[in-house]
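Just below is one structure, and these are the notes that go with it.
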Amino acid sequence: MNASVDTAMNRRAFEQALRDKGRYYHSHHPYHRAMYSGRCTPEQIRGWVANRYYYQIMIPQKDAAILANCPDPRVRRLWLQRILDHDGHGDEAGGIEAWLALAEAVGLSRAEVIDQRHVLPGVRFAVDAYVRFVRRASWQEAACASLTELFAPEIHQSRLDSWPRHYPWIESEGYRYFRKRLSEARRDVQHGLTVTLDHFVTGAQQARALEILQFKLDILWTLLDALTMAYMHHTPPYHTVTDRPVWHRGL
Ligand SMILES: O=C(O)c1cc(C(=O)O)c2c(n1)C(=O)C(=O)c1cc(C(=O)O)[nH]c1-2
């Protein structure tokens, strides 16, 4: 028997090892902790919403890359729903539109969010790293990277529980996105988890899956590090030479 098979975890232990990665989820980042404990200024909330918009608009492109790499119509049929959830379909406006409603509810204009003027280079690079990984990875590895969503319903719920109390100036229409994701993330992660548990079976494969999940956690954490520099420490890029946001807006 080969050594990597020898060290393989059974399905339940592997699932638990994936779930244990939740201890590194961005819910523990100081920026998020400040958000739910009511310590953020309106400018810090707005900065987060405007920057996270870039994640929101790239998620459907990331999911389209998964579809493009997946030869199995049964998987594509399920995965397609994620694109519809964000982009909308028929009369349903979708998640990107709900995010723009959140932006307006926190006092940003749609125009300043859509033109990405607030998107920091560090946020852009972190999100782009995710999309680039997915384009060249197998669809199963890409599904594994989406498993940070195992931990997402809790973070959406904690925003719904804490923000209205701490930030009464935020209009209630803004909370639709978080409510919508509670059920969508639970459904998506069930599928992503099944793909991952079925595909990564040897010890070496399982170690790689855990590393892929860590890569995705790194992306989410790094995104918040960039926001911390700009909005907590007031040290955005080039702050030593200018107070203007001279960084590029995406090429
Ligand atoms: O607000 C959050 O903290 C958060 C985190 C994540 C995540 O864990 O990647 C996603 C989302 N939201 C989200 O709204 C979303 O649509 C989403 C899709 C994915 C993915 O990797 O496919 N992650 C996430």
request  = Can you check how the C-alpha radius of gyration of the chain compares to 2.2 N^0.38 Å, as a plain ratio?
outcome  = 1.05
inquiry  = Along the charge dipole of segment 86-213, pointing to its positive end and built from +1/-1 on Cβ of Lys, Arg, Asp and Glu, which listed residue (T202, F133, V123) has its Cα farthest out?
reply    = T202
inquiry  = Per-residue counts of other Cβ atoms within 10 Å, averaged by peptide: what ranking do you get for 150-157, 68-75, highest first?
reply    = 150-157, 68-75
Label-reachable residues, segment 32-68, where backbone N falls under 15 Å from a point 7 Å from S158's Cα toward its Cβ = 32-40
query = Taking only DSSP H segments of four or more residues, each worth -39500 (n - 2.57), what value at 222 nm results for the chain once the sum is divided by all its residues, to the nearest 500 deg cm²/dmol?
reply = -21500 deg cm²/dmol
remark   = The long-range amide H neighbours of L120, using H built 1.01 Å from N in the peptide plane and a cut-off of under 5 Å, are none
request  = Calculate the length of the line joining the C-alpha centroid of segment 200-251 to that of segment 64-86, in whole Å.
outcome  = 26 Å
request  = Pick out which of V131, V106, V201 has the largest mean-square fluctuation in a Gaussian network model of the chain, springs linking Cα atoms closer than 10 Å.
outcome  = V201
ask   = T194: accessible area at probe 1.4 Å, nearest 10 Å²?
value = 60 Å²
inquiry  = For Cα pairs less than 8 Å apart in space and 6+ apart in sequence, what is the mean separation divided by the residue count of the chain, i.e. the relative contact order in percent?
reply    = 32 percent
note = The aspartates and glutamates whose Cα lies under 12 Å from the Cα of K21, excluding any fewer than 8 residues away in the same chain, are E149, E211, D218
query = Short version: ³J(HN,Hα) in whole Hz for each residue of segment 197-212, in order, from phi by Karplus 6.51 cos²θ - 1.76 cosθ + 1.60 (θ = phi - 60°), x for Gly and Pro, what are they?
reply = 5, 6, 8, 9, 10, 7, x, 5, 5, 5, 4, 5, 4, 5, 5, 5
ask   = W169 to R117: FRET efficiency via 1/(1 + (r/R0)^6), r the Cβ-Cβ distance, R0 30 Å, to the nearest 0.05?
value = 0.85
note = About its Cα centre, the chain carries a charge dipole, from +1 on Lys and Arg Cβ atoms and -1 on Asp and Glu Cβ atoms, whose size in debye to the nearest 20 is 240 debye
key: Theoretical gain in end-to-end length, N69 to A204 [0.36 nm per residue, Cα-Cα removed]   = 46.3 nm
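The values are calculated or read from the model by the stated rules, or taken from the named source; none is laboratory data. Because the structure is predicted, anything quoted here is derived from the model rather than measured. Positions of Cβ are backbone-derived with ideal geometry, glycine not excepted, and every protein chain shown enters the neighbour counts. Each accessible area value is taken on the protein alone, full model and side chains, heavy atoms only, with ligands, DNA and RNA left out. Shrake-Rupley method; radii C 1.70, N 1.55, O 1.52, S 1.80 Å.
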